[in-house]
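Structure record follows, encoded as structure tokens.
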Amino acid sequence: MKIHIKVCGITDLAVAQAAVDAGADSIGFVLARSLREVSPAVANAIAAKLPMSVDSVAVFRDPPREDIEQALTAFDADVVQADYGSLPGVDGRRLLPVFREAVSSLEEIAAYIDGDRFVYEGARSGVGLTVDWDLAAEMAQLGQMTLAGGLHQDNVGEAIRTVRPFGVDVSSGVESSPGMKDPTRIRAFVKAVREAEKDLVRV
């Protein structure tokens with residue numbers, strides 16, 4: 001079982017390339033107010049230099065649909081990630097809805113995703129807070145869940161063994177200081193994920 005790895009909050013090409021070289025499957029660009037915010041034009045310029053096998057993800061936080069549409073005129077993202085209530089009506093892209101702990105119920109998520117991909121994380125993004133992994137393990141049975149929130153090289157193995165997610169999403173957990181990605185930490189995170197995969201039953 002191969003875990004999908006997304007490195008989020010990328011702001012420059014060198015770090016994006018380091019993440020790809022380490023084995024990341026998706027690169028996330030934050031288009032919302034954040035320490036890691038980039039403009040759609042900058043995100044597009046970086047993504048254009050990445051291999052086609054790596055997804056570029058436009059990451060929003062509960063924006064009006066018009067903001068998403070406007071950003072996508074400048075950023076040809078493969079995937080749009082946003083709180084699930086913002087995504088209806090967004091066409092022409094793969095969508096990655098975000099559900100948040102203590103906000104979204106199991107029933108609500110099940111009714112919305114119907115087995116598809118989604119992200120499960122805490123109430124706030126990019127602040128290093130983990131979710132309840134036991135609850136997340138229940139959520140992971142509903143579809144292809146990417147686990148986010150507070151993951152880093154020292155805990156991602158336990159998270160994977162507990163939750164058994166489709167993928168993991170890391171941002172602050174591979175930074176040397178807030179907003180500053182560290183290629184060494186990215187490589188260590190990816191290595192920890194790949195080691196944890198060995199403990200999963202292959203089907």
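The values are calculated or read from the model by the stated rules, or taken from the named source; none is laboratory data. Note that the structure is a prediction, hence the values are computed from the model and not measured. No Cβ is skipped: glycine too gets one built from the backbone with ideal geometry, and neighbour counts run over all protein chains shown.
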L35 vs. criteria modelled with pLDDT under 95 and closer than 20 Å to R185 by Cα: yes
Residues located in segment 86-108, provided they are within 17 Å of the chain's Cα centre (by Cα) and either in a helix (DSSP H, G or I) or on the phi > 0 side of the Ramachandran plot (or both): S86
Residue that is farthest from G167 (Cα to Cα) [pool: residues in segment 48-75 that are in a helix (DSSP H, G or I) and not polar (S, T, N, Q)]: E66
Residue within segment 129-147 that is assigned to a loop (DSSP other than H, G, I, E, B), over 19 Å from H4 (Cα atoms), out of contact with any Lys or Arg (no Cβ under 9 Å at 6 or more places or on another chain) and not hydroxyl-bearing (S, T, Y) present: yes
Residues of segment 1-35 classified as of a type in the set (S, T, Y) and either buried (at least 20 other Cβ atoms within 10 Å of the Cβ) or in contact with an Asp or Glu (Cβ under 9 Å, 6 or more places away or on another chain) (or both), total: 2
Hey, I160 closer than 22 Å to I113 by Cα and in contact (Cβ under 8 Å) with a residue 60 or more places away in the chain or not: yes
G28 being under 17 Å from R94 (Cα atoms), at pLDDT 95 or above and among the small types (G, A, S): yes
Identity of the residue in segment 157-185, part of a helix (DSSP H, G or I) and within 14 Å of the chain's Cα centre (by Cα), that ends up farthest from D134 (Cα to Cα): V174
Filtered residues of segment 1-47 (kept if of a type in the set (A, V, I, L, M, F, W, C), out of contact with any strand residue (DSSP E or B) (no Cβ under 8 Å at 6 or more places or on another chain) and part of a loop (DSSP other than H, G, I, E, B)): M1, L35
Flag if D154 is touching a Cys at 6+ places or on another chain (Cβ under 8 Å), within 26 Å of A102 (Cβ to Cβ) and acidic (D, E): no
Complete set of residues in segment 129-156 that are of a type in the set (A, V, I, L, M, F, W, C) and within 12 Å of the chain's Cα centre (by Cα): M145, L147, A148, L151
Selected residue [touching a helix residue (DSSP H, G or I) at 6+ places or on another chain (Cβ under 9 Å) and over 21 Å from K2 (Cα atoms)] from G179, G157, G150: G179
Filtered residue count, segment 43-82, keeping only those that are under 20 Å from D25 (Cα atoms) and of a type outside the set (F, W, Y): 24
